[in-house]
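Colleague: I have a structure here, written as structure tokens, and I will follow up with some questions on it.
The values are calculated or read from the model by the stated rules, or taken from the named source; none is laboratory data. Just so it is clear, the structure is predicted and the values come from calculations on it, not from any experiment. Methodologically, a virtual Cβ is constructed for each residue, glycine included, from the backbone with ideal geometry; neighbour enumeration extends over all protein chains shown. Heavy atoms of the whole protein, side chains included, go into the accessibility calculation; ligands, DNA and RNA do not. Shrake-Rupley method; radii C 1.70, N 1.55, O 1.52, S 1.80 Å.
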Amino acid sequence: MRKIAIAAVMTALTGLGLVVPAAAGATTSSAARPAAVAARSCDLHWGSTPRHAGAMVQAKVRHVRAGQHACFDRLVIDIGQGARPGYRVRYVHRIISDASGRVIKVAGKAKLLINVLAPAAASFPASSHHLVNVRGFSAFRQVAGAGSFEGVTSVGVGLRARLPFRVLELRDPGHRTRLVVDVAHHW
């Protein structure tokens, strides 16, 4: 009971801009951290230059999803079992639909093109102009499928501005790969 009362007081004082040192043995939640500490945690050292790695594979692109984090928006591209696919991620002036060459209008002032060097699964809506609902996101404005052609699946991301990003490859125990593109909220 005492720890709960201490945490409540610290949270209230922190909300007023006052910094209170933690009592011995008391734990503080992330809500009780001073704003300066939270701001420092968003010092991301990413850039906006193109990223690429790997080679073409036969594993299939299955799904795209997005999430919001304190310092960045995250796009996750789920890929089936098999070898890790290669990728190319870069800022472009326009998102061009694979095969047709049509320009895809994407909301936002900047456009990030993600080419996954893997074909799309039959169930993947590679030509959908709204792959994921990103309404209310800080950096993302729209996520659109740009097609799948000759073993390359493309996704266009409309962004609020040209912001720093990073690319991660994550692998689960079932040998499925997730290509992760994080876009920072600020420089």
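Colleague: So, of the residues in the range 99-116 that are more than 19 Å from VAL61 (Cβ to Cβ), among the hydrophobic types (A, V, I, L, M, F, W, C) and not in a loop (DSSP other than H, G, I, E, B), which turns out to be nearest to the chain's Cα centre (by Cα)? Walk me through it before giving the result.
Modeller: The first filter runs over the range 99-116 and keeps only residues more than 19 Å from VAL61 (Cβ to Cβ), leaving 101-103, 105, 107-111.
From the residues that got through so far, the ones that are among the hydrophobic types (A, V, I, L, M, F, W, C) too are 103, 107, 110.
Now drop any that are not not in a loop (DSSP other than H, G, I, E, B), which leaves 103, 110.
Details: VAL103: 23, ALA110: 15 Å.
Of everything passing the filter in the range 99-116, ALA110 is nearest to the chain's Cα centre (by Cα).
Colleague: Hey, could you check the range 42-53 for residues that are of a type outside the set (D, E, K, R) and more than 18 Å from LEU112 (Cβ to Cβ) and say which is modelled with the highest pLDDT?
Modeller: Ranking the candidates gives HIS45 first.
Colleague: Which ones in the range 140-173 are over 15 Å from the mean Cα position of the chain (by Cα) and under 13 Å from ILE95 (Cβ atoms)? Before you say what the answer is, go through the steps one by one.
Modeller: Here is the first cut: in the range 140-173, the residues over 15 Å from the mean Cα position of the chain (by Cα) are 145-154, 171-173.
If the condition is that a residue be over 15 Å from the mean Cα position of the chain (by Cα) and under 13 Å from ILE95 (Cβ atoms), then GLY145, ALA146, GLY147, SER154 are the ones that fit.
Colleague: If we keep just the residues of the range 124-180 that are small (Gly, Ala, Ser), open to solvent by less than 30 Å² (accessible area, probe 1.4 Å) and part of a strand (DSSP E or B), which is nearest to PRO85 (Cα to Cα)?
Modeller: Among those that are small (Gly, Ala, Ser), open to solvent by less than 30 Å² (accessible area, probe 1.4 Å) and part of a strand (DSSP E or B), it is SER154.
Colleague: Please go through the range 39-68 and pick out each residue that is open to solvent by less than 30 Å² (accessible area, probe 1.4 Å) and either aliphatic (A, V, I, L, M) or touching a helix residue (DSSP H, G or I) at 6+ places or on another chain (Cβ under 7 Å) (or both).
Modeller: Going residue by residue through the range 39-68, those that are open to solvent by less than 30 Å² (accessible area, probe 1.4 Å) are 47-48, 57, 59, 61, 64, 67.
Those that are open to solvent by less than 30 Å² (accessible area, probe 1.4 Å) and either aliphatic (A, V, I, L, M) or touching a helix residue (DSSP H, G or I) at 6+ places or on another chain (Cβ under 7 Å) (or both): VAL57, ALA59, VAL61, VAL64.
Colleague: Looking at ARG135, ARG176, which is the one that is more than 22 Å from HIS93 (Cβ to Cβ), more than 11 Å from the chain's Cα centre (by Cα) and modelled with pLDDT under 95?
Modeller: Working: ARG135 fails: modelled with pLDDT under 95.
Answer to the selection: ARG176.
Colleague: Right, something else. Tell me yes or no: at least one residue of the range 72-93 is more than 30 Å from ASP43 (Cβ to Cβ), out of contact with any strand residue (DSSP E or B) (no Cβ under 9 Å at 6 or more places or on another chain) and at pLDDT below 95.
Modeller: Among the residues of the range 72-93, not one is more than 30 Å from ASP43 (Cβ to Cβ), out of contact with any strand residue (DSSP E or B) (no Cβ under 9 Å at 6 or more places or on another chain) and at pLDDT below 95, which makes the answer no.
Colleague: Please enumerate the residues belonging to the range 70-110 that are open to solvent by less than 20 Å² (accessible area, probe 1.4 Å) and charged (D, E, K, R).
Modeller: ASP73
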